[in-house]
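Structure record follows, encoded as structure tokens.
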């Protein structure tokens, strides 16, 4: 004889809330991401929405906190503003939430791009195709072209000052 399943009924609002709380205990989530994960666990429709609203009202779910956390994490990984914006948009975050998260970084994007270029390339580019490689790398990391060019200029200036 099989033992009874311990799975909570999928029509219980408290079970949906508890499932959301367990997910948030591990790490921050966006509302969209948490709704998807609750749906994977069988909590759909009004039940999931109700759990999300309750989690938000109780202060466990915060789009702003998630956006700040993700932006800080990606910036620390060496990604640029464009990449971070795209990832936040992927999580259905837009407008003031994104702007606040990026402002809170208080980032010197040129300095971050320069750091990323120095980490990836051993010496500053001295020819056109080498510079193009550095610019391409920075673009792939999400740095705007103007920031990437400024980083290259700053790198060249620092080499001239040393030499």
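Bear in mind these aren't lab numbers, they're just calculated from the coordinates by the rules spelled out. Not measured: the values here are computed from a predicted model. Quick reminder, even Gly has a Cβ in these numbers, built from the backbone with ideal geometry, and neighbours come from all protein chains shown.
A few notes on this one:
- The long axis of helix 109-120 is offset from the longest Cα principal axis of the chain by roughly 80 degrees.
- Comparing Cα centroids, the stretch 14-40 and the stretch 138-162 end up 41 angstrom apart.
- Taking every alpha-carbon pair under 8 Å whose residues sit at least 6 apart, the chain reaches a relative contact order of 19 percent.
- Extending 7 Å from the Cα toward the beta-carbon at both residue 12 and residue 92 defines two label points whose distance is 2.6 nm.
- Distance between the 7 Å Cα→Cβ label points at residue 58 and residue 118: 4.7 nm.
- Computed over the stretch 109-162: relative contact order in percent, which uses C-alpha pairs under 8 Å that are six or more apart: 47
- Two-decimal ratio, the stretch 13-57, of alpha-carbon radius of gyration to 2.2 N^0.38 Å: 0.95
- Rounded to 0.05, the FRET efficiency of the residue 161 and residue 137 pair, given R0 = 22 Å and the Cβ-Cβ distance, is 0.40.
- Calculated P(r) tail over 25 Å for the chain, as whole % of Cα pairs: 49
- Crossing angle, helix 145-162 versus the chain [Cα axis fit, 0-90 degrees, rounded to tens]: 50
- Helix axis angle, 31-40 relative to the chain longest principal axis, alpha carbon, degrees: 50
- Hull shadow area, averaged, the stretch 109-162 [alpha-carbon convex hull, nm²]: 3.3
- With 0.36 nm allotted per residue and the present C-alpha distance subtracted, the residue 145-residue 100 stretch has 13.9 nm of extension available.
- Value of [θ]222 nm, deg cm²/dmol, for the chain, DSSP H segments ≥ 4, -39500 (n - 2.57) each, nearest 500: -22000 deg cm²/dmol
- Note on residue 65 and residue 154: the extension gain reaches 28.7 nm, defined as 0.36 nm multiplied by sequence separation minus the Cα-Cα distance.
- Scaling the Cα radius of gyration of the stretch 63-105 by the globular reference 2.2 N^0.38 Å produces a ratio of 0.95.
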